[in-house]
Amino acid sequence: MLRHSKLQKQVLALYRQFLRAGRDKPGFIPRIRDEFRDNARIKRTDVMHIEYLYRRGQRQLEQLRDVNTKQLGSFSKDPSADL
């Protein structure tokens, strides 16, 4: 049987909460899954980064649960800005 650390259990619980909160809002579930899959590549030893993302996720979950939230915004880096 695989045992998870406390932080892993917290992240899994956060993921389930996101899925429940996004169920009633169209287009949110794929975005939630993609975000968690992208961050699943972070090394398990990078605890500081994981904890930061966990706290950020908690704040985003509160925004998602707000009845006035209709869509998620995102910031993307302009690739031409590096030139």
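Just a few scattered comments:
- Residue pairs meeting the criteria (Cβ under 8 Å; at least 6 apart or on separate chains; first in contact (Cβ under 8 Å) with a residue 12 or more places away in the chain, in the stretch 20-46; second surrounded by 12 or more Cβ atoms within 10 Å (Cβ to Cβ) and among the hydroxyl-bearing types (Ser, Thr, Tyr)): Lys25/Thr69; Ile32/Tyr15; Phe36/Tyr15
- Residues satisfying the stated conditions in the stretch 50-65, i.e. open to solvent by 70 Å² or more (accessible area, probe 1.4 Å) and over 14 Å from Leu12 (Cα atoms): Tyr52, Arg56, Arg59, Gln60, Glu62, Gln63, Arg65
- Within the stretch 52-67, if we keep just the residues that are of a type outside the set (Ser, Thr, Tyr) and over 18 Å from Arg33 (Cα atoms), the residue that is modelled with the highest pLDDT turns out to be Asp66.
- Counted residues, the stretch 12-33 - those being under 19 Å from Glu51 (Cα atoms), of a type outside the set (A, V, I, L, M) and open to solvent by 50 Å² or more (accessible area, probe 1.4 Å): 4
- Matching entry among Lys70, Lys43, Lys9 (being at pLDDT 90 or above, open to solvent by 100 Å² or more (accessible area, probe 1.4 Å) and not in a helix (DSSP H, G or I)): Lys43
The values are calculated or read from the model by the stated rules, or taken from the named source; none is laboratory data. The structure displayed is predicted, hence computed values, not measured ones. Note that we place each Cβ from the backbone using ideal geometry, even for glycine, and neighbour counts take in every protein chain shown. Remember, those area values only see protein heavy atoms, side chains included, never the ligands or the DNA or RNA. Shrake-Rupley method; radii C 1.70, N 1.55, O 1.52, S 1.80 Å.
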